[in-house]
1. Starting from residues that are small (Gly, Ala, Ser) and in contact with a helix residue (DSSP H, G or I) (Cβ under 7 Å, 6 or more places away or on another chain), keep the ones in the range 16-31 and report whichever is modelled with the highest pLDDT.
2. Could you list, in sequence order, all residues of the range 11-31 that are surrounded by fewer than 16 Cβ atoms within 10 Å (Cβ to Cβ) and of a type in the set (Ser, Thr, Tyr)?
3. So in the range 47-74, with the set limited to residues that are of a type in the set (Gly, Ala, Ser) and at negative phi, which one is modelled with the lowest pLDDT?
4. Taking the range 32-67, which residues are touching a helix residue (DSSP H, G or I) at 6+ places or on another chain (Cβ under 7 Å), small (Gly, Ala, Ser) and loosely packed, with under 15 Cβ neighbours inside 10 Å?
5. I'd like the residue in the range 14-34 that is of a type in the set (Gly, Ala, Ser) and in contact with a strand residue (DSSP E or B) (Cβ under 9 Å, 6 or more places away or on another chain) and, out of all such residues, is nearest to Gln74 (Cα to Cα).
6. Which ones in the range 33-62 are within 14 Å of Leu12 (Cα to Cα) and among the hydroxyl-bearing types (Ser, Thr, Tyr)?
Amino acid sequence: MLGETSGMLLLLMQTEANTCLLFSSGDARCGALVKENASRFGGRGGGRDDNARAIFSESKDMKNFANAVAEMVQ
């Protein structure tokens, strides 16, 4: 179960809807990642520590957001 795994972050991209879904055990604070970074890439969204959603109008913005999040959590 995801809740039993610490330090993990799963980011899924739904390309047709330009939507990122983030899931974690709560350590990565998904909602904060979205709230603090999605707007930098023209997105909006929010969530909780264990899951969040970010929506973008352009695919390239969604991918740039995903890359930025990946760099932050390494």
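The values are calculated or read from the model by the stated rules, or taken from the named source; none is laboratory data. Bear in mind the structure is a predicted one, so any value in this text is a computation, not a measurement. Positions of Cβ are generated from backbone atoms using ideal geometry, with glycine treated the same way; all protein chains shown enter the neighbour counts.
1. To start, the set of residues in the range 16-31 that are small (Gly, Ala, Ser) comprises 17, 24-26, 28, 31.
Of the ones still in play, those that are also in contact with a helix residue (DSSP H, G or I) (Cβ under 7 Å, 6 or more places away or on another chain) are 24-25.
Numbers: Ser24: 92, Ser25: 86.
Per the criteria, the residue is Ser24.
2. Thr15, the sole residue that qualifies.
3. Filtering the range 47-74 for residues of a type in the set (Gly, Ala, Ser) gives 47, 52, 54, 57, 59, 66, 68, 70.
Narrowing the set further to residues that are at negative phi leaves 52, 54, 57, 59, 66, 68, 70.
Values: Ala52: 97, Ala54: 98, Ser57: 97, Ser59: 96, Ala66: 96, Ala68: 95, Ala70: 91.
Per the stated criteria, the residue is Ala70.
4. Once the filter is applied, which keeps residues that are touching a helix residue (DSSP H, G or I) at 6+ places or on another chain (Cβ under 7 Å), small (Gly, Ala, Ser) and loosely packed, with under 15 Cβ neighbours inside 10 Å, the range 32-67 yields only Gly46.
5. Step one: of the range 14-34, the residues of a type in the set (Gly, Ala, Ser) are 17, 24-26, 28, 31-32.
The next check asks that each one be in contact with a strand residue (DSSP E or B) (Cβ under 9 Å, 6 or more places away or on another chain); those that pass are 17, 24-25, 28, 31-32.
On the way: Ala17: 27, Ser24: 14, Ser25: 16, Ala28: 10, Gly31: 17, Ala32: 16 Å.
In this case the residue turns out to be Ala28.
6. Ser59
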